[in-house]
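Notes follow the structure.
The values are calculated or read from the model by the stated rules, or taken from the named source; none is laboratory data. Computed from a predicted model, the values in this text were never measured in an experiment. Counting neighbours? That spans all protein chains shown, and the Cβs are built from the backbone with ideal geometry, glycine included.
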Amino acid sequence: MSDPGPAQLDLIRRYARTMREMHADAMAARGPRIGAREARDRGPSEPLRKAARVITGRPPGDGAPTLPAS
């Protein structure tokens, strides 16, 4: 089989660039990765803490330890 010509090489390069761009767009649309620094910097929100108190039956501010902000 013969080597690819200039037009084929250009097509291959354009295809690779398009696939990289599409992949980057898809990853950006999905949001931050699990465990990404932005997600780690935020601790549990107050609505989650209230829901946990309701589920466990603890009244708010009963002196029980709260979850650490990771």
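Before moving on, here are some points about what is shown:
- In this structure, Arg49 does satisfy being surrounded by 10 or more Cβ atoms within 10 Å (Cβ to Cβ) and either of a type outside the set (S, T, N, Q) or modelled with pLDDT under 65 (or both).
- Among the conditions (1) within 24 Å of the chain's Cα centre (by Cα); (2) at pLDDT below 70, the only one that Met19 does not satisfy is (2).
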